[in-house]
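Right, one structure below, let's go through it.
The values are calculated or read from the model by the stated rules, or taken from the named source; none is laboratory data. No experiment lies behind these values; they were computed from the predicted model shown. Note that each Cβ is placed from the backbone with ideal geometry, even for glycine, and that neighbours are counted across all protein chains shown. Surface areas here come from the heavy atoms of the whole protein model, side chains and all, with no ligands, DNA or RNA. Shrake-Rupley method; radii C 1.70, N 1.55, O 1.52, S 1.80 Å.
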Amino acid sequence: VLNVIIDRKEGDNFIGRTEYDSPEVDPEVIIQATPENKKLVKIGKILPVKIVSAEDYDLFAEPVR
């Protein structure tokens with residue numbers, strides 16, 4: 001579980017970064033913009049997320065409820 005700041009929404013995903021990462025330099029944290037997640041995830045908000053998978057440069061997460 002990591003704290004993530006949400007930077008933007010792209011298509012069907014919210015894009016954020018951990019408190020340890022710089023924008024446009026480090027890996028992104030991707031959270032699917034499901035109807036349930038849209039209630040919890042807001043641009044500019046810091047929230048705890050659980051990392052559920054990873055690819056070469058990106059992490060995929062779900063908000064901690």
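Taking the listed residues 43, 30, the one that is farther than 15 Å from residue 59 by Cα, under 11 Å from the mean Cα position of the chain (by Cα) and among the aliphatic types (A, V, I, L, M) is 43, with no other qualifying.
The chain holds strands (runs of 3 or more DSSP E) entirely within its bounds, and those carrying 1 or more residues that are open to solvent by less than 50 Å² (accessible area, probe 1.4 Å) and touching a Pro at 6+ places or on another chain (Cβ under 7 Å) map to 28-32, 46-54, 58-63. Report the residue count in the stretch 53-63 for those that are within 11 Å of the chain's Cα centre (by Cα) and modelled with pLDDT of 95 or more. Looking only at that region, the number is 5.
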